[in-house]
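Asks: Take a look at this one; I'll ask things after.
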2 protein chains.
Amino acid sequence: MKLDNIRLVLMETSHPGNIGGCARAMKNMSLERLYLVNPLYFPDPDADARAVGAIDVLERAVVCASLQEAVQDCAVVVGTSARHNRRIGNLVLDPKACAERIALESEAAQVALVFGREHSGLSNEELGLCNYLLTIPCNEAFSSLNLAAALQVVCYELFMQTRRTDTDSQATPQGELATGHEMDLFYQHMEQALVDVEFIKAKNPRKTMRRLRRLYNRAQLEKMELAILRGIFNAMQKLADRGR
Amino acid sequence: MKLDNIRLVLMETSHPGNIGGCARAMKNMSLERLYLVNPLYFPDPDADARAVGAIDVLERAVVCASLQEAVQDCAVVVGTSARHNRRIGNLVLDPKACAERIALESEAAQVALVFGREHSGLSNEELGLCNYLLTIPCNEAFSSLNLAAALQVVCYELFMQTRRTDTDSQATPQGELATGHEMDLFYQHMEQALVDVEFIKAKNPRKTMRRLRRLYNRAQLEKMELAILRGIFNAMQKLADRGR
């Protein structure tokens, strides 16, 4: 996946605020190549305001007179489309499937993702220039996403795809986990402390201990957390000693 | 996955247009329960304008005075957070992992997804109320997503999850989870018991309590487990009383 080879094309956008929102959404996801086909107002202060820190994306935006011009050097063109356009017959992808599919293609070739007009989408002629259609699954009773919101979802999936191919760690870095042996000692200590404070009887600790084991096993204690809890057991035992 | 049991909570939103954008993004993805904690302007014509066909979501929005109030009946609270807050230490999920994790939980319990203020996010105290953190992976050099755009991505993954879960549900059935309010009382009780047994000083319990909160939030206490732990706190306090 080469995000640099992917351009986002907006068709005849009528609200300049949406152009700014799209620029911000793109840059958030490391996509910076914006093409504008006949924008109604551009440049425009509303676009700048919504772009916030992505003004540079607006400044480098390429303004074109037609979709054909915007995608002429592209090997793959993906058109976003509302669900009902399915009948056009192109292959319809959801955003994740689209990201997966263009991951390889973008390595060596230019790829365009095209977003239609706010109210009327893409014309049949424009859809005819597209190799695939991209549809964002949604509530069928209320399926019109805001342009910048739709573009945000698509760019998010592209960015997620770059992380998938990196074979990298999606696990969260946390403190070092306690070992099995440390957990054994922990449970022994806990049981003795609970006997000492007379919460459980030495004779029959089974059920309570089983529930507590389940809880702390599930939590996967870090060494540091285990140390705090054992500190608490020590404090309980010191107090119990004093009471004797 | 029961989308009806999932609420979206916006903290002290300063731009009413964002509230409208969020309402639209929610309804696009079949989520309709919006909670607003101290919105700066609401209701507001800018919110209505950006909501387009989701005015009904705004009309039914619940306005609260605090995050605590907004999530008091929730068993699971997820806080959205920028990447750098990782050091707080809660379990950090990306939007897809979050959707997978709350798919089952939302079947039987109330779940809240909390979005922080446009500029300052969530406070540490508010993050302390959260069981998980949700972070949207993005360009680290430009990581501030627009509020409605971030919410769109999260709602999109929730909606996608409804399409996935139709077949599978292999996770372990567990007991009923403690609510946010029960967890509040639990932490108050814990803190007092730890002061009583002289494990922490009443003056400065911060760091230890933060670590313990993190542990028990991660574990997602069941009501039964919470009852056992409070029983232990009672035993500790009885012993401390006796020692005086």
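Asks: Counting other C-beta atoms within 10 Å, which of B:Cys130, B:Cys64 has the fewest, and how do the rest follow?
Replies: Result, fewest neighbours first: B:Cys64, B:Cys130.
Asks: Continuing with this model, one more query. Dividing the alpha-carbon Rg of the stretch A:70-159 by 2.2 N^0.38 Å yields what?
Replies: In units of the 2.2 N^0.38 Å rule of thumb, it is 1.02.
Asks: Convert each backbone phi in the stretch B:179-185 into a coupling constant with the Karplus relation 6.51 cos²θ - 1.76 cosθ + 1.60 (shift: θ = phi - 60°), then list the ³J(HN,Hα) values in order as whole Hz, x for Gly and Pro.
Replies: Taking θ as phi minus 60°, the curve returns 7, x, 5, 4, 5, 4, 5 Hz for the stretch B:179-185.
Asks: Here's a follow-up. Measuring label to label, 7 Å along Cα→Cβ, what does A:Ser14 give against each other copy in nm, shortest first?
Replies: Values, ascending and in nm: 3.2.
Asks: Rounded, prolate or oblate for the stretch A:1-70? Axes are the square roots of the Cα gyration tensor eigenvalues, ordered a ≥ b ≥ c, and the cut-off for rounded is a/c under 1.5.
Replies: Taking the square roots of the gyration eigenvalues as a ≥ b ≥ c, the stretch A:1-70 is oblate.
Asks: Related question: At 7 angstrom along the Cα-to-beta-carbon line, where would the label on B:Arg211 sit relative to the other copies? Give the distances in nm, shortest first.
Replies: Output for B:Arg211: 2.7 nm, nearest copy listed first.
Asks: Can you give the net charge of the other residues whose Cβ lies under 13 Å from the Cβ of B:Leu147, counting K and R as +1 and D and E as -1?
Replies: +3
Asks: Right, another one. How big is the dipole moment of the protein assembly as shown about its Cα centre under a simple scheme where the beta carbon of each Lys and Arg is +1, that of each Asp and Glu is -1, and everything else is neutral? Debye, nearest 20, please.
Replies: 2400
Asks: For every other residue with a beta carbon closer than 13 angstrom to the beta carbon of A:Ala70, add +1 if it is Lys or Arg and -1 if Asp or Glu, then tell me the sum.
Replies: -2
Asks: Using a Förster radius of 22 Å, what is the FRET efficiency between A:Arg163 and B:Arg164 based on their Cβ-Cβ separation? Nearest 0.05, please.
Replies: 0.70
Asks: Which lysines does A:Lys201 reach when only Cα atoms under 24 Å apart count, and residues fewer than 8 places away in its own chain are ignored?
Replies: By straight Cα distance, A:Lys201 reaches A:Lys238, B:Lys223, B:Lys238.
Asks: Using alpha carbons only, how many angstrom separate the centre of the stretch A:1-53 from the centre of the stretch B:90-119?
Replies: Rounded to whole Å, the Cα centres lie 29 Å apart.
Asks: Taking the number of other C-beta atoms within 10 Å as the exposure measure, put B:Lys2, A:Lys207 in order starting with the fewest.
Replies: Starting with the residue having the fewest Cβ neighbours, the order is A:Lys207, B:Lys2.
Asks: Using the number of other C-beta atoms within 10 angstrom as an exposure proxy, rank A:Ser144, B:Ser66, B:Ser81 with the fewest first.
Replies: B:Ser66, A:Ser144, B:Ser81
Asks: Can I ask one more? In nm, what does the list of distances from B:Ser66 to its counterparts in the other copies look like, shortest first, when each label sits 7 Å along Cα to Cβ?
Replies: 6.4
Asks: Along the positive direction of the dipole of the stretch A:3-165 (beta-carbon charges: Lys, Arg +1; Asp, Glu -1; about the Cα centre), which of A:Ile136, A:Ala65, A:Ala108 reaches farthest?
Replies: A:Ile136
Asks: Still on this structure: By its C-alpha gyration tensor, with a ≥ b ≥ c as the square roots of the eigenvalues, how is the stretch B:88-236 shaped: rounded for a/c under 1.5, else prolate for a/b larger than b/c, else oblate?
Replies: Oblate shape, in that a/c is at least 1.5 and b/c is the bigger or equal ratio.
Asks: Further question: Which lysines does B:Lys27 reach when only Cα atoms under 28 Å apart count, and residues fewer than 8 places away in its own chain are ignored?
Replies: B:Lys27 reaches A:Lys27, A:Lys96, B:Lys2, B:Lys96.
Asks: Okay, next question. Could you tell me whether the stretch B:3-164 comes out rounded, prolate or oblate from its Cα gyration tensor? Rule is a ≥ b ≥ c as square roots of the eigenvalues, rounded for a/c under 1.5, then prolate if a/b exceeds b/c, otherwise oblate.
Replies: Here the stretch B:3-164 falls in the rounded category.
Asks: Amide H to amide H, which residues 5 or more places from B:Val9 or on other chains are under 5 Å from it, using H placed in the peptide plane?
Replies: When sequence neighbours closer than 5 places are left aside, the close amide H contacts are B:Tyr35, B:Leu113, B:Val114, B:Phe115.
Asks: To the nearest 20 Debye, how big is the dipole of the stretch B:3-164 about its Cα centre, given +1 on the beta carbon of each Lys and Arg and -1 on that of each Asp and Glu?
Replies: 460
Asks: Shifting gears a bit: What is the sum of charges, Lys and Arg at +1 and Asp and Glu at -1, for the other residues whose Cβ falls under 15 Å from the Cβ of B:Cys22?
Replies: Cβ neighbours under 15 Å give a net charge of -1.
Asks: Another question about this same structure. Under a no-solvent Debye model with one identical scatterer per Cα of the stretch A:180-243, what's log10 I(q)/I(0) at q = 0.27, 0.29 Å⁻¹?
Replies: Treating every Cα as an identical point scatterer, log10 I(q)/I(0) equals -1.25, -1.33.
Asks: If you don't mind, there's one more thing I want to ask. For chain B, take the longest principal axis of its alpha carbons; what is the angle in degrees between that and the long axis of helix B:206-219, to the nearest 10 within 0 to 90?
Replies: 70
Asks: Follow-up. Run the helix sum for the protein assembly as shown: -39,500 (n - 2.57) per DSSP H stretch of 4+ residues, divided by residue count, reported at 222 nm to the nearest 500 deg cm²/dmol.
Replies: -15000 deg cm²/dmol
Asks: Under a 10 Å cutoff between Cα atoms, tell me which one of B:Val57, B:Val197, B:Val154 has the largest fluctuation in the Gaussian network model of chain B.
Replies: Its mean-square fluctuation being the largest, the pick is B:Val197.
Asks: Rounded to the nearest whole Å³, what is the per residue volume of the convex hull around the Cα atoms of the protein assembly as shown?
Replies: So the per-residue hull volume is 146 Å³.
Asks: What aspartates and glutamates could a cross-link reach from A:Lys203, if we take a straight Cα to Cα line under 14 Å and drop same-chain neighbours fewer than 8 places away?
Replies: Partners within reach: A:Glu191.
Taken together, the values in this text are just the output of simple stated rules run on the coordinates, not laboratory data. A quick note: this is a predicted structure, and the numbers were derived from the prediction, not measured. Please note: Cβ atoms are built from the backbone with ideal geometry, for glycine as well, and neighbour counts cover all protein chains shown.
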